[in-house]
Amino acid sequence: MISFDGEMGSLGAIVKHPDDFYPLLKLKMAARHAEKQIPSEPHWAFCYTMLQKVSRSFALVIQQLGTDLRNAVCIFYLVLRALDTVEDDTSIPTEVKVPILMAFHRHIYDPDWHFSCGTKDYKVLMDEFHHVSTAFLELGRSYQEAIEDITMRMGAGMAKFICKEVETTDDYDEYCHYVAGLVGLGLSKLFHASGTEDLASDYLSNSMGLFLQKTNIIRDYLEDINEIPKSRMFWPRQIWSKYVNKLEDLKYEENSIKAVQCLNDMVTNALLHAEDALTYMSALRDPAIFKFCAIPQIMAIGTLALCYNNVEVFRGVVKMRRGLTAKVIDRTKTMSDVYGAFFDFSCMLKSKVDKNDPNATKTLSRLDTILKTCRDSGTLNKRKSYIVKSEPNYNSAMVVVLFIILGILFAYLSANRSMNI
Ligand code: D3A
């Protein structure tokens, strides 16, 4: 999953992008506020603390949902992370792992069940899983049924892929359906159960997940290929075999040109789902649900724009800067904000397409479809752009300097007061 965590951006980053400062400050304050709002019952306290540990900013977006839906989404998220932890743990023998994955949807009803695996925060989640079960048992029946159904289908899908490689692009779509498309289906059911939304089609809900998951698989190439013990890879052979003989050859400098062409092919494949994602989001009514759905989608197209034609994907971590994430969280309120963001990131991507790339025509045609949808919405005027200007905005820089001076002054005055000077 995409992650954004940690403290406010460094001073250097803020001087380079001064208008990141205010959204970062707002996000930091919202995170502080959320930390104070953790419920007092021990099982709910565990679940919300765990959610914040796994992804601070995502926890914030979940926390702005209405109480009942928020509790259901929090539990759904933790159940899926637990299932993921079992799937990812390469030290569990297949004959032990498969039955756990297949029966996970029953274990969530049993607070006496637990299975120790994973590392760090995920080990805590697994060891203390009884808190998640106890909280699950307090959810409304329709929420429980949706979570149970998706956990059952996802567990079976993960079990199927334990011994199966991702060969074709159909396998790739099928694997992404199990691990993220089904999340989309489950969330659509939870939104509907909360009473504010129509039930979205399975097809569009699936596309929401595929767009996010494919972006993560592209971005995480190096992290996954270098993992010890070796983790499984999800780039489909049907795509990478056009460029190299072995998937790991993409990371070697002598293959840079082929590697970037393969990367661009993968990005072009992911772009297929952007249109459906826009259609899904345009049907949402509740502002909090809308924000919860739209932020990850904008982060995904932003990440694709960053990764496209970028050899750094094979050298280190390519991630949207924290200030840009904070801006997305701050600015995403309505469908016109989403059209604006998709438009900006698609333009950015288009400007990076080299006409000699083997898939250039396909990439450009997919981008033009997205750009046309955004233009046809008729809402692109009067908005702040995400496209970075080459020169920082020095008006904002002045505001930042002023804030820092005021901060120092404030700290100085309150120190003097506490010493009664
Ligand atoms: C498809 O799933 C959806 C969704 O469908 C309708 C609506 C909203 C969110 C998700 C989805 C999700 O979002 C995260 C994700 C990626 C892959 C799977 N998931 C997922 C798992 C479980 C749930 C929801 Cl309940 C995206 C994610 O992990 N983020 C969002 C962006 C955040 C980090 C975490 C921003 C950042 O970088 O800090």
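Table for the structure above
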| item | result |
| --- | --- |
| About the Cα centre, charge dipole magnitude for segment 27-119 (Lys/Arg +1, Asp/Glu -1 at Cβ), debye | 540 debye |
| Global geometry of segment 279-405, whether rounded, prolate or oblate, following the gyration tensor of its Cα atoms and the 1.5 cut on a/c | oblate |
| Mean projected area (nm²) of the alpha-carbon convex hull when segment 224-350 is viewed from all directions | 8.9 nm² |
| Cross-link table K242/K350; K251/K372; K28/K333; K164/K214; K26/K123, entries beyond 28 Å C-alpha to C-alpha | K251/K372; K26/K123 |
| Helical contribution to [θ] at 222 nm, DSSP H n ≥ 4, -39,500 (n - 2.57), averaged over the chain, rounded to 500 | -21000 deg cm²/dmol |
| Spin-label model distance (nm) - T90 vs H130, 7 Å beyond Cα toward Cβ | 3.3 nm |
| Residues M102, M233, sorted so that the one with the fewest Cβ neighbours within 10 Å comes first | M102, M233 |
| Gain in span if fully extended, R237 to D202, counting 0.36 nm per residue against the direct Cα distance | 9.9 nm |
| Lys, Arg +1 and Asp, Glu -1 on Cβ, resulting dipole of the chain about Cα centre, debye, nearest 20 | 1600 debye |
| Residues I289, I162, I239, I75, sorted so that the one with the fewest Cβ neighbours within 10 Å comes first | I162, I239, I289, I75 |
| Three-way shape label, segment 122-227, alpha-carbon gyration tensor, a/c 1.5 | oblate |
| Kirkwood-based shape ratio for the chain, expressed as Rg/Rh from alpha carbons | 0.98 |
| Listed residue (L11, T169, G340) projecting farthest to the positive dipole end of the chain, Cβ model | L11 |
| Linear extension gain, K355 paired with V399, 0.36 nm per residue minus alpha-carbon span | 11.7 nm |
| Calculated FRET efficiency for the pair D368/A283, C-beta based, R₀ 25 Å, to 0.05 | 0.60 |
| Exposure proxy ranking, count of Cβ atoms within 10 Å, fewest first, for T325, T196 | T196, T325 |
| Listed residues M29, L409, Q52: farthest to the positive end of the dipole of the chain (Cβ charges) | L409 |
| Per principal axis, descending, Cα span of segment 54-129 in whole Å | 41, 24, 17 |
| Diffusion coefficient, µm² s⁻¹, Stokes-Einstein with Kirkwood Rh over alpha-carbon pairs of segment 1-135 at 37 °C and 0.692 mPa s | 199 µm²/s |
| Charge dipole (debye, nearest 20) of segment 262-421; +1 at Cβ of Lys and Arg, -1 at Cβ of Asp and Glu | 400 debye |
| FRET efficiency, I38 to I228 (Cβ-Cβ, R0 25 Å, nearest 0.05) | 0.10 |
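Quick note: the coordinates plus some simple rules give every number you see, no bench work behind them. What you see is a predicted model; the values in this text were computed from it and never measured. Glycine gets a Cβ as well: all are built from the backbone with ideal geometry, and neighbour counts include every protein chain shown.
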